[in-house]
Structure formats: C-alpha cells, structure tokens
1. Quick one: length gained pulling residue B:75 to residue B:130 fully straight, 0.36 nm per residue minus the C-alpha distance?
2. Determine by what factor the alpha-carbon radius of gyration of segment B:67-185 differs from 2.2 N^0.38 Å, reporting the quotient.
3. Taking the highest mean first, how do the peptides A:99-110, A:49-60, B:110-121 order by number of other beta carbon atoms within 10 angstrom per residue?
4. Expressed as a rounded percentage, what relative contact order does chain A have, with Cα pairs under 8 Å and six or more residues apart?
5. Arrange the peptides B:93-101, B:200-208, C:41-49 so that the one whose residues have, on average, the most other Cβ atoms within 10 Å appears first.
6. Normalised by the number of residues in chain B, what is the relative contact order in percent for Cα pairs under 8 Å and 6+ residues apart?
7. Report the label-to-label distance for residue A:159 and residue C:172 in nanometres (one decimal), using points 7 Å from each Cα along the Cα→Cβ vector.
8. At 7 Å along Cα-to-Cβ for each site, give me the label-to-label distance between residue A:26 and residue B:220 in nm.
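Rule-based calculations on the coordinates, nothing more; no lab input. Bear in mind the structure is a predicted one, so any value in this text is a computation, not a measurement. Quick reminder, even Gly has a Cβ in these numbers, built from the backbone with ideal geometry, and neighbours come from all protein chains shown.
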C-alpha cells in the first residue's frame, strides 16, 4: 500500500488497529491493580513496597517514554538516553551550586535539556538517519561514551547531592509509611506525561509530530516541516529523560555518573513490554517493572537484589519472543 | 577487492607485522597484539553485519564463551592453548547458530535489543555456576603467555581466519550473504534459503568472536572473569565493524586499530590524560567517523580509489 | 493568458536513475488536465516534481512563482495539494485528525472549512472519530481528497485515484472532482491509468512516454487521436 516515496519502514510497521489483544491487556492490568490493592490492605510491607515500586516505576516509565518518542519519530533507539538524563541532573546540580533554588534549577534544566535534545538531533542524528540503522545506533553508542566521559571529566569525583525536592517528610496512612519523596516522584512524572499527552492529542504541533512520525512523506505534503518535528521530538524526549534523572537522583542521595545505567536497562524492558510504538505502553510498562521488581525481590527468595538487572533482561527477552509488539503494540507486518 | 592489489596488500601487511616486534617496546607489542585480537572479532562481526545486515550488540558474549572455554580447558586439563582456541571456535559456532535461530524472528532495532540483553546477561552466568565457572573470582589458565607469543599467535590466527573468510565470501555462501543483505525478498525469490544463511552468518561470526575471546583471556594474564566481558566489549566490536566498513582488508585493520589503539594512545597524550578524557576522545571519534565516513574506512578507500582513477 | 502551472524542460531522477527527460506542460487555471501514459512513463514522477518530493531540475512556475528551491512543505503552503498514489491517509489517526492535517498550514479555526468539506462528503461527518485505517479503500481515497480540499487549494495534484477502487466508487470520485472544479474553480492535474475516465473528466491532456511528452491536446482531440485510441482507449 505504501508508495516508493513514503518512508521505507523496516519490518515492524504497524497497520490500523489490532483490537484483538487490547481488551485482554486491560483485563490483566485491572486484575493486577486489584491484586496490588488487596495485598496493600493486608500487609504494611506490601503497601510500602508497592508505593516505592510505583515511584521507581514512574522514573523508569519516564525514561521509557523518552525512548519511545525518539523511536517513533526517528526509528532510532537512543542508547545514550540514560546518560543524557544523568548529564542533565549534573547540570541541575551545577545550577544549584551557582545559587538557584532546587525548583528554579529544575525548570531551567528542563529548558536546557530541550535545547540539548534539539541540537543533538540536528547535528548528530539527522545526517545519519538516511544511511543505515547501524550508523544511527553507533552514533548513539558514541554519544553514550562521550557524555559519560564529559560528565566524569567536568564533575567526576567527590560527593555531590541535590537538595531533596520534596523534603524528607513521611506520611503515615493507616500504619503505612509513605515518603513524600515517592509521592512527589509519581506526581511529577504523571504531570509530565499528561502534559505530553495533551500536547500530542490537542495541539496542532502535536498532530504534526504524530503525522511526521507515522508517514513523513505524506506529512510533508500537507505542509508539516518534518525535520523540525523530529528535532522537537528529540528535545521533548530529552526533557522527559531529565525528569527521570532528576526524580531518580534524590532517591539515591548521592549523584553518581552510573546513576542511569541500570535505569536505562529497566527503561528498555519497560518500553519493549509496553510496545516500542506505544507511549502509554512505555509508562505502564515502567510502572509494572518498578512494582514487580520491588515485590519480587522481597517475596521470591531466589531473586536477590543483584538479580534485578538479569530479571529485567529476562522480561525483555520473553516479551520479544512471545509478543514483540508488546502489551499495547499493534500487530506487526512481517515480510518474507 | 581484485586479485593483484589484494595480494600486494596482504604481503605488505604481513611484512610489516613480521618486523614490528623487533622495533617496538614490549608494551607496544602487546598493544599491536590487542589490535590483532580485535581484528578477528571485527572480521567476524563484519561478516554478520556487513554481509547479512543483522545488527549484534552481543558478540562480547561469544567472546566470553570462547575465553572461558580456553580458561576452563587449561585449568582442568592443561590443554594446549592453541587447541583450546580451536575448541572455542567450534563451541562458539554452535552457540552462534543456537542464537541465530531465534534471532531470525527479529530485525533491526529488536535484534539490537535482544543481542544487547545477551551481552549483559551471559557474563553474569559464571556468577550463577560459580563452582565450575569460578564465580566472581574467575578462572585462571594453567599457564600464561609472553607478549611475543600472544602477538605471534594473534596475528597468525588473524591471517588464517582472514583467508578462511575470504574463501567463504567469494563462494556460493558469500553470494548468498550478499543477496540477503541487498534484498531479503529478492533473495528468497531467487531460491536462497534465508534461515540457513542468516543462521550460518551468526555461527561464523560467533566462532570468530570465540577465538578473539580466547586470545583476549590470554592477553589478560590468562584470567577469565565476568568483569572482563562487559557490554563495552560488544560495543567495541560493533564500533570496530562500523568503522571498518565493508569488503576491505585495510578497512578491518583500520577498524581494529581504531578500537584497539585509540583509547590507549589517547590516554598517553598529555592534554587528555585521564581515563575520562580518553572516553571523551573515543566517543567523539566514533561519532565523527560515523558522520564523515558513511562507508567506514572501506568506503573512504573506495572513494580515494575512484578519485585516483579519474 | 499565463497558465497557473507551467513546467518547462523538467528533468527528475531517483538517485542515479533519470525518469523525466525534459517534460513541458501547462495547466490553465480552472481546468482539469490529465496525464496519461504506460507504466513507468514518469506520470507519478511529474506530480512529485511539482510538489517537490523528488530531485528535479528545469523550470516549474506556479502562479508566477518558481517552485525550484521549495520542498514539499513549502509547495503546500503556496496552495498546492498533492494526493499521492495509494492515498496517503494516516491510518492511525482519526478521520477528523486527517482533515485537520489538511489545514495544517492555516492558523486558527477551520470550522467553516470543515463544514464545506462535509457538504461535499456528508458521510465523513458521521465518521469523524473513526480511525482512518478502518475505512475501506474507497472511503480512504475520498478522505484523502477531502483532506486535500480543506484549505481550498489553487491546484490539486491527484495521483492514480482509481487505483484499487471499484468502478462505482471511481465514478463517484470523478463526479466530485468535476463538481469541485465547476463550483469552486479547483484546478486539477490528474495522473490516471484509466484513460477513458480521465479524458471524460478532463479538459485537456498530455501523454507521457519514457519521461517525455509525446502528445498534447484538448480531451476531444486526444479522444479522437488514433494512437491514443489504440494504446489507451482500447479501440
């Protein structure tokens, strides 16, 4: 159906709706939510782990959403997404050192992150987009190494920490201790995600971005400046990554250049679980991974906390083997 | 690659390599040996990526398998080290085919993710089977080798494996590989059995990585441990293959040298100094090469040749 | 009277492959012009040359402006709407969103524009929230046409509209195109395999073969031309 002119997409091109699996997925999610609710009511530990899991999952989901946005727009998996997020947290730290309050630094960093993402797409990704997938992958790998090196070079060594964004208050709800931090993490990520959703659904810019991602050639025909849309997509993704990093940092107290590396893995797993083409899936996937990891480490003796990473990988592999389009992805078109 | 210039290239390279150990310090000899190790790995990955278009960020896993094969055989049976390399070749070929089979279902990004997962997971396995595979402490070979031995064996193996690759690629298998890369649909239409060749490519590239892994372990004092085989290794192989480009001996040498030498060399430059400076330089270099040299060094050479002819 | 669209010695290529070898044609404002020819003649490429989606050289003048350097989005902003081969509807988006995209270059409210579109395609109004990918082929073609018409373009480029459509739908499509032409003064350049239909709807036509114009004239002239009748009209 696609002409020679419209984008030559690789094998997993989605087509129309796949209504088949959607109701099943919704049912499963509702069942899972019910399970969490019941468990939380019955056990304080369970409730606390669930809340913490949701907070961490929100962070994973934010980074996963960044990955999905970039993938939808430019068909590139940005292996440097995590390192960029980490770099932005260091930028925030530096701004705080220069006298800004936490929240001033927070929003300034988001602005910087947007510009950074924009510039990176224009300078690094656009030139290699039309070549091969491999070239783009390598560029992001090179970026990973470069950013890692730059951050270590500029800020390496010594203890650094960001002031706690939500204070250290702990709420007590029916015997369950919930750190204000966790609530804050969930709220911030949720607000960001909702804002992005509103942008895509209700604004002309968002419509243009979606069109540019789905069919760039036809989008150009109606006047969409596709190049600009892709750059903005990267800017937005970097902002979401910055949100993830800034929310992840306080939960680890000390800023560390390896902060986002495991989170990148969890974000990959979340993005694949949700479906690489599905923004909603990325966020839901993140929450699922966050909660599951927390609960499994506690309740399944065989899986200790060092095995979290391999577990996330196992999830990734299993999803890819069983349903590569993920929970919310559409049925793929396979050729040959 | 036409015949005569290729032969001349080979002789020049062989000549230079034969002479180098006498000219360089021990440290530099081991550096060039390391280039030889990467040469093998990059060559193998080039067959997979360049010829059948499948991306793998996981060949470090095969290096790990090869390396552990050498270490365990040496530790338990005091096997001749070269024999362990052959064992690594064979074993990794089998594993490569085993991975290549399910890999058929994926392409592009998804394959990259799967192999990425592989690269990080496989080195964790020794932690699980620590009795046999040494756990965190690793496995030590029964003897270590001198840098001259390493140099000689690495480059001898490179030469043999290069000729092997050349033989494979010029024959029917090579044509099939190229057909797969250029158009899967057309390849199937002309009767090429995709699964066979794609899996074969995986097997061969894994076997090569296995040999590289054996040498890698020997280069690090015969010590095989999980930390030695991080994702960085897989990334280095991939970068090396991309920088190399396709179809040129010099390209692969350039790719191997890029990955094997650049980090070490840049550390010794005073301005750059630290490890982190090295990463900055390496990362920037990788990006620049991909931006400026779309076909890798092989592409650059082809362009130069075309210009020279005009 | 200068034509609304004028191509002079236009060449176009896909990478190293040259497809158009000097095409010259003119489209008068308010007329429907058909481009006929066998497969591979370069008909689609001609439209792409106008909308800027292929590498081209030569003079292309639209409403007095040279289109030479403009990309597709620039050409769209000038009032040229291109409905590509295969319709080019955005399957994942709703009917309403597809139409809104048609108005992308316009700021502000487009309510009156949408109302006018719905008056020509009343059934679309009921399907606003439906995903475009779930429409039938014919409905998607109508949607593509509707989308092109939202901002009342000065020139409509229509590529193989009858492809894959049942004859009844094709007839309806051409009826609407003629209606838009007569009532709204829409100028149309249509590429069509179905020469019979195309010449019935068009005022003038060009026959392309191997990247060059081999015949030109009014639709009556073409319909009575021997070679056209033999090769394209089947009698």
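1. 18.3 nm
2. Relative to the 2.2 N^0.38 Å estimate, segment B:67-185 comes out at 1.32.
3. With the highest mean Cβ count within 10 Å placed first, the list reads A:49-60, B:110-121, A:99-110.
4. On the way: 506 pairs, mean separation 116.2, N = 336.
Reported relative contact order: 35 percent.
5. B:200-208, C:41-49, B:93-101
6. Numbers: 494 pairs, mean separation 95.7, N = 310.
Here the relative contact order equals 31 percent.
7. Reported label-point gap for residue A:159 and residue C:172 is 7.5 nm.
8. 5.1 nm
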